[in-house]
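Would you mind keeping the following structure in view while I ask a few things?
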Amino acid sequence: MSEHSGSSGGELVQLLTPQGERIDHPDFSYSGSDDEIAAHLRDMVLVRRIDAEATALQRQGELGIWTSLLGQEAAQIGAGRALRSQDVVFPSYREHGVAWCRDVDPLRLLGLFRGVDLGGWDPHAAKFFLYAIVIGAQTLHATGYAMGLEKDGEVGNNDPERDAAVISYFGDGATSQGDVNESFVFASSYNAPVVFFCQNNQWAISEPIERQSRIPLYRRADGFGFPGIRVDGNDVLAVKAVTEQALERARSGNGPTLIEAFTYRMGAHTTSDDPTKYRLDDELEQWRGKDPIERVKAYLSRAGAIDQAWLEELQAESDALAVRLREDCLTMPDPDVAASFENVYAEQTPYLAEQQAAYAEYTASFEEGN
Amino acid sequence: MSQSQTSTSAGRRMTMGKALNAGLRRALEADPKVVLAGEDIGKLGGVFRITEGLQKDFGEDRVIDSPLAESGIVGTAVGMAMRGYRPVVEIQFDGFVYPAYNQIVAQVAKMHHRSRGLVPMPMVIRIPFGGGIGAVEHHSESPEAYFAHTAGLKVVSCSNASDAYWMIQQAIALDDPVIFLEPKRRYHEKGEVDEDATPAPLHRARVVREGTEATLLAYGPMVKTCLDAAEAAAEEGRALEVIDLRSVSPLDMQTVATSVQKTGRVVTVHEAPVNLGLGAELAARITEQCFYSLEAPVLRVGGFDTPYPPARLEDHYLPDLDRVLDAVDRSLSY
């Protein structure tokens with residue numbers, strides 16, 4: 001019987017068990033110190049806190065919608081911390097943890113979901129492009145950008161300061177999209193320096209992974225002619241090790257890799273979704289035992305690298321972050337209506353200029369005339 | 001002044017296809033960030049040979065044979081534009097553009113706006129369009145209205161060799177994404193191309209024949225049809241004005257309005273179906289701007305609201321000289 005798409009299978013790269021025990025793997029190792037692992041823990045706790053606050057803000061009517069990353073912290077922090085500053089990220093719409101690693105202010109993420117803008121950060125400065133909501137479209141942008149890196153000679157110079165790679169994030173549902181498959185074809189054909197990072201969180205809204213694939217997703221890469229790896233997406237050490245190796249492969253000119261981070265969407269697809277209608281509590285409970293944060297806490301506590309005081313301090317830091325985020329969200333100014341008309345074109349058309357002027361005149365008539 | 005194309009020297013006589021090739025060549029020479037991508041555009045030079053010889057001269061890095069996937073071609077061009085390139089992609093035929101529709105209308109068109117201008121999309125999507133070549137289905141369509149309806153895109157069409165040469169270069173130099181529609185049935189028609197001329201602005205319409213009794217509005221392949229119709233009308237003593245819109249979006253309404261105020265009668269002509277086609281937008285805008293000048297309703301000549309017919313029926317579907325003149329007669333009868 002072949003490996004089932006929804007079972008974690010025998011080829012899962014894992015370096016830290018759900019119980020917090022370090023284990024060896026023949027091909028991958030995590031070489032960072034316990035301090036570095038504690039930094040990953042801090043990242044994961046903070047992004048989980050940001051996520052919880054955003055969910056609360058949505059419930060209170062302050063955000064239109066929120067896409068929770070709950071349960072996927074290790075996949076995102078592990079991959080995000082594997083990046084070098086010159087690497088470039090093409091996210092979907094759930095990569096709040098990767099955004100954190102790229103120093104994108106979480107408030108800017110909230111702006112999109114509050115409806116004050118369509119993506120309020122500078123994609124070039126952050127090397128983190130705007131969220132892509134139409135599923136899978138960004139994988140082609142990532143591939144094209146990677147083709148550009150190659151043309152610019154930013155690949156394969158054996159220069160760790162210069163050689164760059166692109167990473168694109170998407171989910172298990174996206175693997176059914178034509179664009180994702182086309183991006184695999186293009187990346188393979190041009191040997192583009194791109195890492196395809198699939199967070200298989202088992203659910204595409206209400207559809208289980210078995211609806212998308214009859215084989216484990218990482219094995220799809222075989223058919224396109226590049227390596228695929230399945231990693232325990234709830235193991236931040238393994239994710240970082242696997243992603244670092246894939247990025248290095250890309251930077252050195254050896255082409256794309258597909259990483260399947262095997263994880264679980266602990267929350268709803270979005271705040272508009274109701275997972276009780278389509279999945280069982282048992283499954284959720286089973287995954288709760290594989291929590292990405294708890295296993296790191298267990299390891300570091302046992303190793304004596306952190307103690308209760310450290311954890312309390314982290315708790316205080318995350319609460320303060322949440323308070324700041326909430327305040328800033330509530331005081332975020334509404335955009336000026338002119339923003340709707342601006343930047344539609346690099347060179348605005350006369351007709352749009354007319355519409356903008358006419359609407360300004362129309363709104364002004366309410367302010368003066370009465 | 002709408003006729004700003006200077007013609008001091010005679011220039012070279014060449015087909016529209018060769019003019020496009022020469023324009024692309026000049027754009028590749030002028031800016032190292034210009035890259036071409038598409039199916040079969042390399043060694044073969046494209047199925048219409050528009051890119052003939054360019055890969056040989058500029059290399060496989062700049063003239064890229066793409067895998068056979070339109071969404072992939074446009075989507076990777078988005079990424080290249082994000083990296084600072086100016087991609088010029090070829091969609092092999094009009095009817096093959098739809099797999100790339102999401103990338104064009106949801107990604108290319110919106111990127112500059114949603115990034116507040118931080119991520120421009122200086123991209124040209126070349127599409128050989130329209131019928132009249134006896135092709136099988138999906139090879140003769142006129143999809144301009146889909147793109148003209150989309151905020152963020154500019155849509156232009158050349159009707160002659162000189163415009164083809166200049167407009168392709170102007171479209172490539174523009175920082176906005178441009179859908180560049182090439183009338184494939186006119187690829188082999190010859191015209192003068194003066195490579196030292198000063199071209200008219202890209203989004204400016206041109207009065208290609210002056211007249212007083214009615215205005216014919218056309219673009220791309222229908223400009224010649226309208227000029228033929230005006231010539232035939234002249235033999236019967238009727239002076240028709242013909243405007244080559246050149247730019248489908250934005251429309252140069254100033255040139256159009258000036259003409260309508262003079263003639264009072266308008267017939268719009270395009271191959272695309274009339275329902276919600278460019279003619280509808282033109283009729284609405286002309287009614288808004290020139291209501292008191294109109295002597296007759298704006299009439300539309302176009303394809304029927306049917307799928308593009310099999311080749312043996314396309315002469316019925318495509319507007320021709322007689323259908324244009326029939327509409328002129330109806331306009332003049334008001």
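The values are calculated or read from the model by the stated rules, or taken from the named source; none is laboratory data. Model, not experiment: these values are computed from the prediction. In this analysis, Cβ positions are derived from the backbone assuming ideal geometry, glycine residues included, and neighbour counts consider all displayed protein chains. These area figures cover heavy atoms from the full protein model, side chains too; ligands, DNA and RNA do not enter into them. Shrake-Rupley method; radii C 1.70, N 1.55, O 1.52, S 1.80 Å.
Please list A:100, A:121 from largest to smallest accessible area, probe radius 1.4 Å, with all protein chains kept in place.
Values: A:100 45, A:121 10 Å².
Of A:100, A:121, the descending order of accessible area is A:100, A:121.
Simple spin-label model, 7 Å along Cα-to-Cβ: residue A:281 to residue B:116 in nm?
Roughly 4.6 nm, to one decimal.
Segment A:96-135 to segment B:41-107: how many Å between their Cα centroids?
Going from one Cα centre to the other spans 29 Å.
Please report the antiparallel percentage of DSSP beta bridges with both residues in segment B:12-104, rounded to the nearest 5.
0
Along segment B:45-53, what does the Karplus equation 6.51 cos²θ - 1.76 cosθ + 1.60 (θ = phi - 60°) give for ³J(HN,Hα), rounded to whole Hz, x for Gly and Pro?
x, x, 5, 9, 6, 5, 9, 3, x
Can I ask one more? How many nm is it between the label spots at residue A:52 and residue B:30, if each spot is 7 Å from the Cα in line with the beta carbon?
If labels sit at residue A:52 and residue B:30, their model points lie 5.9 nm apart.
Would you mind working out the magnitude of the charge dipole of the protein assembly as shown relative to its Cα centre, with +1 at each Lys and Arg C-beta and -1 at each Asp and Glu C-beta, to the nearest 20 Debye? Spell out each step's value before the answer.
Numbers: 66 positive and 103 negative charges, 184 e Å.
Dipole magnitude for the protein assembly as shown comes out near 880 debye.
Might you work out the accessible area of residue A:328 for me, using a 1.4 Å probe with all protein chains in place, and round it to the nearest 10 Å²?
50
Okay, moving on. State the Cα centre-to-centre distance between segment A:279-322 and segment B:166-187 in whole Å.
Centre-to-centre distance over Cα atoms comes out at 57 Å.
To continue, here is another question. Using a Förster distance of 30 Å, how high is the FRET efficiency between residue A:347 and residue B:292, based on the Cβ-Cβ distance and rounded to 0.05?
0.40
Can you give the FRET efficiency to the nearest 0.05 for residue A:323 and residue A:35, using r as the Cβ-Cβ distance and R₀ = 30 Å?
0.65
So what does log10 I(q)/I(0) come out to for chain A at q = 0.13 Å⁻¹, using the Debye formula with one equal point on every Cα and no solvent?
Values, matching the q order: -1.06.
Let me confirm the definition first: pairs of Lys residues in segment B:12-193, 8 or more apart or on different chains, C-alpha distance under 13 Å. How many are there?
Number of lysine pairs found: 4.
Between residue B:209 and residues 5 or more places away or on another chain, which pairs have amide H atoms under 5 Å apart, with H built 1.01 Å from N, and which residues are they?
Counting only residues 5 or more places away or on other chains, the set is B:242.
Also, quick follow-up: What does DSSP give for the protein assembly as shown in terms of the percent of beta bridges that are antiparallel, rounded to the nearest 5?
Roughly 20 percent of the beta bridges in the protein assembly as shown run antiparallel, per DSSP.
Along the Cα→Cβ direction, 7 angstrom out, place labels at residue B:12 and residue B:334. What is the inter-label distance in nm?
4.6
With a cut-off of 8 Å between alpha carbons and a minimum separation of six or more residues, what is the relative contact order of chain A in percent?
Averaging sequence separation for qualifying contacts and normalising by length gives 24 percent for chain A.
Another question about this same structure. Could you please state, rounded to a whole Å, how far the C-alpha centre of segment B:115-157 is from the C-alpha centre of segment A:64-88?
So the two Cα centres are separated by 36 Å.
Using 0.36 nm times the number of residues separating residue A:338 and residue A:157, minus their current alpha carbon distance, what extension gain do you get?
In short, 60.6 nm is gained.
A further question on this structure: Using Cα-Cα distances under 8 Å and only pairs 6 or more residues apart, what relative contact order does segment A:1-127 have, in percent? Mind dumping the intermediate values first?
On the way: 104 pairs, mean separation 24.1, N = 127.
Here the relative contact order equals 19 percent.
Per residue, how much space in cubic angstrom lies within the convex hull of the C-alpha atoms of segment B:1-139?
Convex hull volume per residue, Cα atoms: 158 Å³.
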